[in-house]
Amino acid sequence: QVQLVESGGGLVQPGGSLRLSCVISPSIFSFNVVGWYRQVPGKQRELVASMFMARFRSANYSDSVQGRFTISRDYAKNTVDLQMNSLKPEDTGVYYCNGEQILPSGSKDNYWGQGTQVTVSS
């Protein structure tokens, strides 16, 4: 059974950095695409960054984090990390790791981690 477990959230001052990690079992190749989403109370969950698990595929970022966040994968550790720099109060929210499987039929199955809280505040 596939599982995603996030870690690394916490409280940080504006301008600071955090690194989130998503451990994927049984394997990072359980998914075609892995992404990080952010949710704040009263709003829909929004995509922050995503990338294909295949090699030599580029990453995708939302406009609000482009240039500040970096998503990366580690095949040996089966992890997908999100490095967050120059954090702003508006980056506050619960961050979820998402794994997407693209089935032979073309349909998609999505799996979610439990989420990790990020709070940017002075």
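Side notes on the structure shown:
- Gyration tensor verdict on the range 1-69 (Cα atoms; rounded if a/c is under 1.5, prolate if a/b is larger than b/c, oblate otherwise): prolate
- Accessible-area composition of the range 1-103, carbon plus sulfur, in percent [1.4 Å probe]: 50 percent
- Shape box of the chain [Cα atoms, principal axes, largest first, Å]: 47, 31, 25
- Charge-dipole axis of the chain as Lys and Arg at +1 and Asp and Glu at -1 on Cβ define it, positive-most pick from 16, 51, 107: 51
- Per residue accessible area of the chain, 1.4 Å probe, in Å²: 54 Å²
- Of 24, 102, 71, the one that fluctuates the most in a GNM where the chain has Cα springs shorter than 10 Å: 102
- Among 73, 19, 57: highest mean-square fluctuation, GNM of the chain, C-alpha pairs under 10 Å: 57
- For chymotrypsin sites (Phe, Trp or Tyr not before Pro), the sites in the range 17-122 that DSSP calls loop and that have at most 15 other Cβ atoms within 10 Å are 56, 75.
- Centre-to-centre, using Cα atoms only, the range 79-121 and the range 23-54 are separated by 4 Å.
- Here the label points at residue 72 and residue 57, each 7 Å from Cα along the C-beta direction, are separated by 2.0 nm in the simple model.
- Segment residue 17-residue 107, length gained on full extension (0.36 nm per residue, minus Cα span): 28.8 nm
- Residue 1 paired with residue 117, simple spin-label distance in nm, labels 7 Å along Cα-to-beta-carbon: 2.6 nm
- The chain - charge dipole about Cα centre, Lys and Arg +1 at Cβ, Asp and Glu -1, debye rounded to 20: 140 debye
- Relative contact order of the chain, defined on C-alpha pairs under 8 angstrom at six or more residues apart (%): 36 percent
- Positive minus negative residues near residue 91 (Lys, Arg vs Asp, Glu; Cβ under 14 Å): +2
The values are calculated or read from the model by the stated rules, or taken from the named source; none is laboratory data. Remember, predicted model here, so these are calculated numbers, not experimental data. Here Cβ is always computed from backbone atoms with ideal geometry, including for glycine, and neighbour counts include all displayed protein chains. Heavy atoms of the whole protein, side chains included, go into the accessibility calculation; ligands, DNA and RNA do not. Shrake-Rupley method; radii C 1.70, N 1.55, O 1.52, S 1.80 Å.
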